[in-house]
Amino acid sequence: MTVSPDSADRSPFERRFRLAINTGGGDAPGLNAVIRAVVLSALNRGWEVVGIRKGYDGILDGEGVVLLDHASVEGITHLGGTILGTTNRGNPLAFERKLPDGTTETVDRSDEIIQGFKDRNIDALVAIGGDGSLRIASELHERGLPVVGVPKTIDNDLAATQVTFGFHTAVQTATDAIDKLHSTAQSHERVMVVELMGRHTGWIALFAGVTGSADVILIPEVPYRMESVCRRLLERYERGPRYGIVVVAEGARPEGGEASVVESGEEGGATRYGGLAERVARQIQDRAGLETRSLVLGHLQRGGQPTAYDRLLAVRFGSAAVEVVAAGDYGCMVALDPPHVRAVPLAEAVERLKTVPEDSDVLATARQLGIGFGD
Ligand code: F6P
């Protein structure tokens, strides 16, 4: 029996519309706020809501599907992480299955997912994810699953939305950290190189670098030369004060060179970036003769309470997603197109990454302030 989202003429014997939510990919501050907004907006329409544990594992691997009611989402708006759990390992549409002889085969488990939804009487899915998870959601929609996407990632690299939730919090966390580095760098007359997240795009590094008054910012969009980085720092030391702050996005790369990778991803997992701050710090010390230290902010950027901005964006996205489901506009993603939250086609939204454009106003502002990009 199919049930329409808002059928006012439903007989008492008909079951209620059942909406599922899942969270996929790396976590981001604001996930719980979206979950709460989806659950409350759906319950207010008289629907039922279930949460799928750990992406699609709840359907495929017995992780479970839980009923979400008012009590389940009480007091979670301000909490980091996701009450549903998440995973950024493995793609159910290209699943690496181990065979008894130790080899693996790649299988598409979309039929199992679609059947799992039918078996549980789930009528639609709100998939909260970044580029990878939303690409999976888009493909599942093409194979018949009624899906609405919500854009999440601290990296802010999803096209079709002005901003993703989680980004603002990550920038705030990174700015707070850079603020603290200034005093210790100044006391010791050192250069501090701090590595921030951003595999393919430099949004966090650019924004936090500007707000944290960095001297040099290295981002994947602008290949760097160490000669230029060192020149910028030496000029500053000469003019004073004699210390420096360098902010690097983990995926930045030298002109004609490769990004710094700790896991290549050749064995099926995602490529993991890392080690750039230490590499750049050693080069500054060797080439410019400036005492330098490095640190990696890492997953601190993904944790903790979402800022008020991210909470508001998250609840706007969550409630808008329920409206899109109610309208039956499946295969869409909610997106911020100020001052509105709109629905855009999922397939279009995951078509390309949103990189920092050459004509970015923030990039231009940084350059006007004398911040170097190593180019
Ligand atoms: O959420 C995206 C991201 O934050 C990237 O910037 C980073 O490279 C990646 O996640 C790391 O994720 P994990 O360590 O969870 O695999």
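Couple of notes before you dig in:
- Residue 289 meets each of the listed conditions (1) within 26 Å of residue 22 (Cβ to Cβ); (2) without any contact (Cβ under 8 Å) to a residue 12 or more places away in the chain; (3) not assigned by TED's automatic domain parsing to the domain that holds residue 138 apart from (1).
- Counting only strands (runs of 3 or more DSSP E) that sit completely within segment 214-333, those holding 1 or more residues that are more than 17 Å from the chain's Cα centre (by Cα) and either surrounded by fewer than 22 Cβ atoms within 10 Å (Cβ to Cβ) or among the acidic types (Asp, Glu) (or both) correspond to 261-263, 292-296.
- Unique match (being at pLDDT below 95, of a type in the set (Lys, Arg) and more than 23 Å from residue 158 (Cβ to Cβ)) among 53, 45, 97: 97
- Here residue 145 fulfils each of the conditions (1) of a type in the set (A, V, I, L, M); (2) within 16 Å of the ligand (Cβ to nearest atom); (3) not in a helix (DSSP H, G or I); (4) not assigned by TED's automatic domain parsing to the domain that holds residue 245 apart from (2).
- Residue 50 open to solvent by less than 40 Å² (accessible area, probe 1.4 Å), within 16 Å of the ligand (Cβ to nearest atom), closer than 18 Å to residue 326 by Cα and under 24 Å from the mean Cα position of the chain (by Cα): no
- Close Cβ contacts (under 6 Å, 6 or more residues apart or on different chains) running from residues in segment 36-48 that are under 19 Å from residue 311 (Cβ atoms) to residues that are assigned to a loop (DSSP other than H, G, I, E, B) and open to solvent by 30 Å² or more (accessible area, probe 1.4 Å) comprise 36/77.
- Residue match in segment 8-16 (condition: closer than 23 Å to residue 149 by Cβ and either in the same structural domain as residue 269 (by TED's automatic domain parsing) or open to solvent by less than 70 Å² (accessible area, probe 1.4 Å) (or both)): no
- Taken together, 183, 110 contain a single residue that is in the same structural domain as residue 272 (by TED's automatic domain parsing), without any contact (Cβ under 8 Å) to a residue 40 or more places away in the chain and not basic (Lys, Arg), which is 183.
- Taken over segment 240-267, the residue count meeting the criterion of being in contact (Cβ under 8 Å) with a residue 24 or more places away in the chain, within 16 Å of the ligand (Cβ to nearest atom) and not basic (Lys, Arg) is 7.
- Residues within segment 53-63 that are open to solvent by less than 40 Å² (accessible area, probe 1.4 Å) and either closer than 18 Å to residue 34 by Cβ or over 24 Å from the mean Cα position of the chain (by Cα) (or both), tallied: 3
- In the set (1) more than 16 Å from the ligand (Cβ to nearest atom); (2) closer than 17 Å to residue 210 by Cβ; (3) surrounded by 24 or more Cβ atoms within 10 Å (Cβ to Cβ); (4) of a type in the set (A, V, I, L, M, F, W, C), the condition left unmet by residue 178 is number (3).
- The condition (being within 16 Å of the ligand (Cβ to nearest atom) and in the same structural domain as residue 177 (by TED's automatic domain parsing)) is satisfied by just one residue among 270, 281, 314: 270.
- Look at segment 1-27: where a residue is more than 11 Å from residue 326 (Cα to Cα) and modelled with pLDDT of 80 or more and a partner is open to solvent by 60 Å² or more (accessible area, probe 1.4 Å) and within 16 Å of the ligand (Cβ to nearest atom), sitting 6+ places away or on another chain with Cβ atoms under 6 Å, you get 25/88; 26/88.
The values are calculated or read from the model by the stated rules, or taken from the named source; none is laboratory data. Computed from a predicted structure; not experimentally measured. Backbone-built Cβ (ideal geometry, glycine too); neighbour counts: all protein chains shown. Heads up: the accessible areas ignore ligands, DNA and RNA and are worked out on the full protein's heavy atoms, side chains in. Shrake-Rupley method; radii C 1.70, N 1.55, O 1.52, S 1.80 Å.
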